[in-house]
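Q: Input: one structure, supplied below.
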Amino acid sequence: MHPPSTSNQKKPQDLFLVCGLQSLGQHCVAVIKEYDVKVSAIDDVQPEHWEVPEVPSLLEKLIIGDCRQPSVLEQAGISQCRSILLVTRNERINIEAAFAARRLNPHVRLIVRSDKQNFNKLLWENLGNFVAFEPTHLSAHAFALTALGSEAIGYFTLEGQLLQVIKHQIQAKDGWCNGKPVHRLNLTTRRILSHTPASSNPLKELFGWNPEAEVQVGDTLVYIDVAYDLALSEQHRKYHNQKWQWQQFIQGITAKNLKEKIAQFWQSYYQSQNQIRRIATIYAITVILLWLAGIVLYRLYFPHITLQEAFYATAVLLLGGYGDLFGGVEFSSQSEPSDQMPWWLRLFSLGLTLIGQAFVGVLYALLTDALVTSRFHFFNSHPPVPQNNHVVIIGLNRLGQRVAALLQELNQPLVGIHTTTLDQNTLPDIPLIVGNPTKALT
């Protein structure tokens, strides 16, 4: 027997079959049709609601039946299909239909909606030309990259090197719009993928851009860039932005708006610190001001004492030593009795002692809080909550866990909030707060 001639073999056609016309299936039809190919669909019932209204007009055929039945698949043209998308909400139906489609067409590409990772790997090994996705997992990368707040629209690892895909719109302050052609922007660590002028259609320019075109303000560049650590590079960008904003803040201070600038600074600090630390900061500033005021007043009223004596006398009062100075003991080396001190200065001294004692109480509260927190972290298997520049993930279900895993790969500090306790082996390297998400945010 002679092998069949390749000229007699059927050429694969641009026919795609979508099984399941719920929300995901309808959007799949709309997206595939944008590539100007033929799309047919199978659903067990006639859809009553079209989330994408134009889907009925986009379909070559709509077969009502069970996509697991060979007769239904043949009616839909499975033998001429390039790919079949099995996206019903029942994973068992999807997998059974995948077996049926493979028997009828050994070359069709199987795209299955399923989150059984181990089973999907087994199916890939046995069926071939098979891929499985879970829709909720597909959005994990989008959530993770958006959380970083960068221009990265994707990333991947190649030979152990992290690469990021950047979409950047040229600004006037960029150093790229200096009359250089696009191809000269390529470096050993950067490769331009597309250049879209501000006045062009992005779809037309995706593959047909001109490498000799000059980069102008408003143009959009998509390029691959080497990034050893995407999260750290983003933190560096934030650091420079914060530094620039701080410089702008300092330069913008004038005699007229000084009070307003101080109020803005205090408000931003007030919002970024917890309550105990805010109180401690207020007390510390108050104590320092009273300390300086005490030194000045005692030096003015007792000019014969040294600056050092006034300094230590005020410190003794702040530490609760009112009785040591005014309990019948003379105040100065010149034997001037303390009872000759005016009443307002005595009252001020008493106020120093009361405020100093209150400040000591606040310090004890801070130490107690730190010790209790450290003791809690010692018994808690999860690490402590980071203080700033971290991402909070509310809801550590399958999608949340996937987003957390992706951000961990980028060394991004995280905090997870979940209503119930997770298994100890689930994300043990991120801080976890269990409870009401609204209350846990603070």
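The values are calculated or read from the model by the stated rules, or taken from the named source; none is laboratory data. What you see is a predicted model, and the numbers here were worked out from it, not measured in a lab. Because the Cβ atoms are built from the backbone with ideal geometry, glycine has one as well, and the counts that use them run over all protein chains shown. Surface accessibility is based on the protein's heavy atoms, side chains included, excluding ligands, DNA and RNA. Shrake-Rupley method; radii C 1.70, N 1.55, O 1.52, S 1.80 Å.
Q: Can you work out which of the residues in segment 47-101 that are farther than 24 Å from Tyr35 by Cβ and among the charged types (D, E, K, R) is surrounded by the fewest Cβ atoms within 10 Å (Cβ to Cβ)?
A: It comes out as Glu48.
Q: Starting from segment 22-39, take each residue that is of a type in the set (D, E, K, R) and list its partners that are part of a helix (DSSP H, G or I), counting only C-beta distances under 6 angstrom and pairs at least six apart or across chains.
A: These pairs meet every condition: Lys33/Leu58.
Q: Something else: One residue is enough: does segment 148-163 have a residue meeting the conditions β-branched (Val, Ile, Thr) and assigned to a strand (DSSP E or B)?
A: Step one: of segment 148-163, the residues β-branched (Val, Ile, Thr) are 153, 157.
Now narrow it down to the ones that are assigned to a strand (DSSP E or B): 153, 157.
Yes, the conditions are met somewhere in segment 148-163.
Q: Residues of segment 151-174 being open to solvent by less than 60 Å² (accessible area, probe 1.4 Å) and farther than 30 Å from Leu414 by Cβ, which ones? Explain how you work it out, then say what you get.
A: Step one: filter segment 151-174 for residues open to solvent by less than 60 Å² (accessible area, probe 1.4 Å), giving 152, 154-155, 162-166, 168, 170, 174.
Listed by number, the residues that qualify are Ile170, Asp174.
Q: Do you know which of the residues in segment 399-428 that are surrounded by 21 or more Cβ atoms within 10 Å (Cβ to Cβ) and over 13 Å from the mean Cα position of the chain (by Cα) is nearest to Ala147 (Cα to Cα)?
A: Ile417
Q: For segment 129-150, state whether one or more residues are open to solvent by 30 Å² or more (accessible area, probe 1.4 Å) and among the acidic types (Asp, Glu).
A: No, every residue in segment 129-150 fails to be open to solvent by 30 Å² or more (accessible area, probe 1.4 Å) and among the acidic types (Asp, Glu).
Q: Taking Trp124 and the conditions (1) assigned to a strand (DSSP E or B); (2) open to solvent by 80 Å² or more (accessible area, probe 1.4 Å); (3) touching a Phe, Trp or Tyr at 6+ places or on another chain (Cβ under 8 Å); (4) not small (Gly, Ala, Ser), which numbered condition does it fall short on, given that it satisfies the others?
A: (1)
Q: Quick check on Ile93: is it of a type in the set (A, V, I, L, M, F, W, C), within 22 Å of Pro135 (Cα to Cα) and touching a Lys or Arg at 6+ places or on another chain (Cβ under 7 Å)? Quick ask: steps written out before the conclusion?
A: Values: of a type in the set (A, V, I, L, M, F, W, C): yes; within 22 Å of Pro135 (Cα to Cα): yes; touching a Lys or Arg at 6+ places or on another chain (Cβ under 7 Å): yes.
Yes.
Q: Can I ask one more? Criterion first (modelled with pLDDT under 80, of a type in the set (A, V, I, L, M) and farther than 13 Å from Pro428 by Cα) does Leu406 satisfy it?
A: Judged against the criteria, Leu406 is not a match.
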